[in-house]
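The values are calculated or read from the model by the stated rules, or taken from the named source; none is laboratory data. Since the model is a prediction, treat every value here as computed from it, not as a measurement. Cβ sites come from the backbone with ideal geometry, for glycine too, and all protein chains shown count toward neighbours. Note: areas computed on protein heavy atoms with side chains; ligands, DNA, RNA excluded. Shrake-Rupley method; radii C 1.70, N 1.55, O 1.52, S 1.80 Å.
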Amino acid sequence: MAEITILTDNPNSWIIPYIEKLETILISKGHYVDHIFGIDGIKIQKDIMFILSCEEIIPKDKLKFHHNNIVVHPSKLPQGKGWSPLAWQVLEGKNEIPITLFEASPKVDSGKIYLTDTIKLNGSELNDEIKQKQWEITLKLILNFIEEFEGEFISGGIEGVEQKGKETFYPKMTRKNNELDPNKTIKEQFNTLRIVDNEKYPAFFDLNGQEYTIKIWKK
């Protein structure tokens with residue numbers, strides 16, 4: 001049995017319903033789980049913390065509260081560090097997107113790598129389906145990590161692999177990333193439509209000084 005913290009810093013994140021399911025799974029396996037919403041909640045020494053959908057960089061003094069502090073990031077690190085790497089790669093037209101489970105460090109997305117996998121898309125998925133597939137692989141990596149390393153992370157004996165190669169960074173997405181060009185075809189801009197959220201950040205375009213919103217669903 002392990003004592004596990006799950007940290008998110010946005011209570012409105014898309015990942016919250018999935019984390020609730022993760023809590024249920026972990027508790028059913030006999031683990032103790034505490035879900036917190038911000039670094040101020042890191043107050044008790046525990047075995048492992050999963051840092052999921054967090055925008056804050058966790059300071060070193062907070063990382064010391066757990067034997068391991070784990071992040072799951074959808075890119076092949078050290079490439080694709082930074083913001084919204086899955087969405088950026090969908091915009092680039094990629095359908096096989098690496099995902100990396102690694103140790104958090106004070107320097108963003110730079111810790112040792114423990115496990116990797118791949119999110120496989122077919123090019124037709126919209127935002128909710130993309131997030132679903134992202135979560136399925138994230139959950140698989142989390143459960144594999146606990147199963148493979150449970151005895152070791154309690155003793156602090158896990159050996160990860162240092163990141164190698166040239167690092168690249170994705171910038172934070174803005175509303176501009178959801179803008180469509182009325183002079184281009186839907187097919188040309190379909191990947192933009194795939195990553196938008198119909199309610200929180202829908203696609204839009206401007207024509208003759210008037211802005212229009214577009215929402216997309218599968219039939």
*With every protein chain in place, what's the accessible area of ASP9 (1.4 Å probe, Å², nearest 10)?*
40
_As a test question: what accessible area, to the nearest 10 Å², does TRP83 have when a 1.4 Å probe is rolled over all protein chains in place?_
90
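Helix-only estimate, please: 222 nm mean residue ellipticity of the chain, summing -39500 (n - 2.57) across DSSP H runs of length 4 or more and dividing by its residues, to the nearest 500. Walk me through the numbers on the way to the answer.
Numbers: 5 runs with 59 residues, N = 219.
About -8500 deg cm²/dmol.
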*Return P(r) of the stretch 1-57 (all Cα-Cα pairs; 5 Å bins starting at 0; whole %; ordered from short to long distances).*
4, 19, 32, 24, 16, 4, 0
_Dipole-positive endmost among PHE149, GLY93, SER13 within the chain (Cβ charges, Cα centre)_ = GLY93
*Starting with the highest mean, order 57-63, 137-143 by the number of other Cβ atoms within 10 Å, averaged over the residues of each peptide.*
137-143, 57-63
*Label-point separation in nm, PHE169 to ASP197, each point 7 Å along Cα→Cβ*: 2.4
*Could you tell me whether the chain comes out rounded, prolate or oblate from its Cα gyration tensor? Rule is a ≥ b ≥ c as square roots of the eigenvalues, rounded for a/c under 1.5, then prolate if a/b exceeds b/c, otherwise oblate.*
prolate
*asked:* Could you put ARG175, ARG194 in order of accessible surface area, largest first, with the 1.4 Å probe and the full protein assembly present?
replied: ARG175, ARG194
_Before I look further, what does the chain give for accessible area per residue, probe 1.4 Å, in whole square angstrom?_
55
_Equivalent-ellipsoid semi-axes of the stretch 1-125, from the Cα gyration tensor, Å, largest first_ = 25, 17, 13
